[in-house]
Amino acid sequence: MEVLEKSSSSDDDAAGNLAGNIIKQSFITLSEPCANELQSIIVDYVTQCTNAGIFKTQGQLTGVTFEKLWVNYQGPGEWNPPHIHSGDFSLVGYCQVPPELKDEWRHPNQQGQDPVGGKIQWNYGQWAPHNVSMFGPISPEEGDIYVFPAWLLHYVFPFNADVVRVSFSTNCYLNYAGGPDRS
Ligand SMILES: [Fe+2]
């Protein structure tokens, strides 16, 4: 809700800094409680990855520094080409997903073998033979937040419905005890 309120009145245009082929992309600054909520999501994610042995921290995690958060207003025919982010981890969240997007599969151009209208997908392993893998394509739902390594290639396909989907994204840097202060 805060993302929608702040981005609707933001005149801090982010389009020149981002990969999106999207007209309306704005930077916003979150309130402290909202930023703290995002921080707890990242810390929980990193903790789970560390406990599972798929991520190795460089020491005792003391906090998370976020880049300025940006908001995408994706309309019909707009998309995000394959790209990566900066930082250690990134996230994308969906704060407005019109129900019309559930019917995207009905559109005449979605009747082939790989209907991906409006979906998001992550890929990795392309550089290693026989190792390509992917997560997606998936149709994000309102309230979803996806956290992923910043280096992970991802992209968003255009949709046909005459609606606007609003998502937000940011990058974060992990801070360690004794490490550089990036706050
Ligand atoms: Fe992205």
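The values are calculated or read from the model by the stated rules, or taken from the named source; none is laboratory data. Computed from a prediction, not measured in an experiment: that's the story for all the values here. All Cβ positions, glycine included, derive from the backbone under ideal geometry; neighbour counts span all protein chains shown. Ligands, DNA and RNA are stripped out before the accessible areas are found, and what is left, the full protein with its side chains, is counted by its heavy atoms. Shrake-Rupley method; radii C 1.70, N 1.55, O 1.52, S 1.80 Å.
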Using unit Cβ charges (K, R positive; D, E negative) and no other charged atoms, how large, in debye to the nearest 20, is the dipole of the chain about its Cα centre?
500
Rg/Rh for the stretch 125-183, where both radii come from Cα atoms and Rh is the Kirkwood radius
1.07
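Based on the Cβ-Cβ distance from His130 to His107, what FRET efficiency comes out when R0 is 25 Å, to the nearest 0.05?
Details: r = 35 Å, r/R0 = 1.39.
Efficiency at R0 = 25 Å is approximately 0.10.
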For Gly93, net neighbour charge (Lys/Arg +1, Asp/Glu -1) across residues whose Cβ lies under 10 Å away:
-2
Cross-link reach from Lys56 to aspartates and glutamates, straight Cα distance under 15 Å and at least 8 residues apart if same chain, gives Asp44, Asp88
What distance in nm separates the two pseudo spin-label positions at Ala35 and Glu67, each 7 Å out from Cα along the beta-carbon direction?
1.7
If contacts are Cα pairs under 8 angstrom and at least 6 residues apart, what is the relative contact order of the chain in percent?
32
So what is the calculated 222 nm ellipticity per residue for the chain, using -39500 (n - 2.57) for each DSSP H run with n of 4 or more, over all residues, to the nearest 500 deg cm²/dmol?
-4500 deg cm²/dmol
Farthest towards the positive end of the dipole of the chain, among Gln60, Leu4, Ser31 and with Cβ unit charges of +1 on Lys and Arg and -1 on Asp and Glu, lies the Cα of Gln60
Overall dimensions of the chain as given by Cα atoms, namely Rg and Dmax in Å
17.2, 57
Which of Cys172, Cys95 is most accessible, then next, and so on - probe 1.4 Å:
Cys95, Cys172
Based on alpha-carbon centroids, what's the gap between the stretch 108-183 and the stretch 7-44 in Å, whole number please?
16
